[in-house]
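The values are calculated or read from the model by the stated rules, or taken from the named source; none is laboratory data. From a predicted model like this one, the values you see are computed outputs, not experimental measurements. Cβ coordinates were reconstructed from backbone atoms using ideal geometry, including for glycine residues, and neighbour counts include every protein chain displayed.
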Ligand code: ADP
Ligand code: MG
């Protein structure tokens, strides 16, 4: 049976770690090509929600759907493994701490998954790496190791590596918050470029100006709930909830 779902749909997500309830009945729909920002204080559940989308932190209640397929469906172990690997290949993730493989060059970081998971030949994977690293402005450093790159450059390689799998959806979890201020913009530029190319993205960020300029919609999360959501011009300029106002007063 096929169900009518948005491109990304989270229904009544609930997550507890032991007795700590970190996501409380969160629902969210994202259309194809939409860019949704998530803001909120540390500990409010932003990363847990993002990780739930590809079932890295399985929900204790609720459903996640991607392009008409339920991601967190209950299946016998073997079938689940196959299913979740297929789903995860469709979702690119970029984290705060560049998780590049340190013993591999930028090229090798990008070619590995397409060769291992999609069976690309070395030549095809190399062409893909060149294309993707060029896209993020890192072609000149293609044979550098992560230790030879700045934080901003590492993050751009991490984005190229995710894009090489041709994901349907990109998730960014504070991709710029570990960077020196002068390196933030080069990474933001890459995200802006993806936005222009209509990549569907969910971006957790503490940079309000960036969220305001790139997102179609912004959600403010606090203590495991979405307090308020709306287009950035409304959420940032004219929030309706006290908790949102209080947060923005401290962060803008
Ligand atoms: P945010 O990304 O908004 O800072 P998180 O999603 O990382 O928030 O965390 C939300 C809450 O869940 C925090 O209180 C955090 O300590 C808790 N938490 C996150 N991951 C785990 C885990 N694996 N085990 C126990 N508690 C966790
Ligand atoms: Mg987080």
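Taking region 71-104 as the range and being without any contact (Cβ under 8 Å) to a residue 60 or more places away in the chain and either within 16 Å of ligand 2 (Cβ to nearest atom) or part of a strand (DSSP E or B) (or both) as the test, only 99 passes.
The rows are residues; the columns are (1) within 16 Å of ligand 1 (Cβ to nearest atom); (2) under 21 Å from residue 199 (Cβ atoms); (3) touching a strand residue (DSSP E or B) at 6+ places or on another chain (Cβ under 8 Å).
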{"residue": "52", "(1), (2), (3)": "yes, yes, yes"}
{"residue": "57", "(1), (2), (3)": "yes, no, yes"}
{"residue": "71", "(1), (2), (3)": "no, yes, yes"}
{"residue": "82", "(1), (2), (3)": "no, no, no"}
{"residue": "85", "(1), (2), (3)": "no, no, no"}
{"residue": "103", "(1), (2), (3)": "no, no, no"}
{"residue": "106", "(1), (2), (3)": "no, yes, no"}
{"residue": "123", "(1), (2), (3)": "no, no, no"}
{"residue": "130", "(1), (2), (3)": "no, yes, no"}
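Does any residue of region 49-68 turn out to be in a strand (DSSP E or B), within 16 Å of ligand 2 (Cβ to nearest atom), touching a residue at least 60 places away in the same chain (Cβ under 8 Å) and in contact with a helix residue (DSSP H, G or I) (Cβ under 8 Å, 6 or more places away or on another chain)? So far as region 49-68 goes, no, none of its residues is in a strand (DSSP E or B), within 16 Å of ligand 2 (Cβ to nearest atom), touching a residue at least 60 places away in the same chain (Cβ under 8 Å) and in contact with a helix residue (DSSP H, G or I) (Cβ under 8 Å, 6 or more places away or on another chain). For region 34-44, a residue qualifies if it is within 8 Å of ligand 1 (Cβ to nearest atom), out of contact with any helix residue (DSSP H, G or I) (no Cβ under 8 Å at 6 or more places or on another chain) and under 17 Å from residue 211 (Cβ atoms), and the qualifying residues are 42, 44.
Against the test of being outside any loop (DSSP other than H, G, I, E, B), touching a residue at least 24 places away in the same chain (Cβ under 8 Å) and under 29 Å from residue 191 (Cβ atoms), the options 13, 6 yield a single qualifying residue, 13. Only a single item in (1) within 16 Å of ligand 1 (Cβ to nearest atom); (2) closer than 30 Å to residue 11 by Cα is not met by residue 178, and it is number (2). Taken together, the criteria exclude residue 156 from residues that are surrounded by fewer than 16 Cβ atoms within 10 Å (Cβ to Cβ), in a helix (DSSP H, G or I) and away from ligand 1 (no atom under 16 Å from the Cβ). Would you be able to say whether some residue in region 27-46 is in contact with a strand residue (DSSP E or B) (Cβ under 6 Å, 6 or more places away or on another chain), more than 24 Å from residue 234 (Cβ to Cβ), at pLDDT 95 or above and not in a loop (DSSP other than H, G, I, E, B)? Within region 27-46, not a single residue is in contact with a strand residue (DSSP E or B) (Cβ under 6 Å, 6 or more places away or on another chain), more than 24 Å from residue 234 (Cβ to Cβ), at pLDDT 95 or above and not in a loop (DSSP other than H, G, I, E, B).
Within the option set 162, 211, 125, 129, being touching a helix residue (DSSP H, G or I) at 6+ places or on another chain (Cβ under 8 Å), in a helix (DSSP H, G or I) and in contact (Cβ under 8 Å) with a residue 60 or more places away in the chain holds for one residue only, 211. Filtered by the rule that a residue be farther than 26 Å from residue 192 by Cβ and either crowded, with 21+ Cβ neighbours inside 10 Å or away from ligand 2 (no atom under 16 Å from the Cβ) (or both), region 34-48 gives a lone residue, 45.
Among the residues of region 201-217, which ones are crowded, with 22+ Cβ neighbours inside 10 Å and more than 16 Å from ligand 2 (Cβ to nearest atom)? Outline the logic, then answer.
Filtering region 201-217 for residues crowded, with 22+ Cβ neighbours inside 10 Å gives 201-205, 211, 215.
Once the filter is applied, which keeps residues that are crowded, with 22+ Cβ neighbours inside 10 Å and more than 16 Å from ligand 2 (Cβ to nearest atom), region 201-217 yields 201, 215.
Return the total of residues in region 167-200 being under 12 Å from residue 93 (Cα atoms), away from ligand 2 (no atom under 16 Å from the Cβ) and touching a helix residue (DSSP H, G or I) at 6+ places or on another chain (Cβ under 9 Å). Selection size over region 167-200: 2.
How many of the residues in region 7-33 are away from ligand 1 (no atom under 16 Å from the Cβ) and crowded, with 19+ Cβ neighbours inside 10 Å?
Within region 7-33, the subset away from ligand 1 (no atom under 16 Å from the Cβ) is 7-9, 11-12, 27, 29-33.
Pick out the ones that are also crowded, with 19+ Cβ neighbours inside 10 Å and you get 8-9, 30.
So the answer is 3.
Is it the case that some residue within region 187-196 is closer than 27 Å to residue 248 by Cβ, outside any helix (DSSP H, G or I) and touching a strand residue (DSSP E or B) at 6+ places or on another chain (Cβ under 6 Å)? No: region 187-196 contains no residue that is closer than 27 Å to residue 248 by Cβ, outside any helix (DSSP H, G or I) and touching a strand residue (DSSP E or B) at 6+ places or on another chain (Cβ under 6 Å). Taken over region 218-248, residues that are in a loop (DSSP other than H, G, I, E, B) and buried (at least 21 other Cβ atoms within 10 Å of the Cβ) amount to 1.
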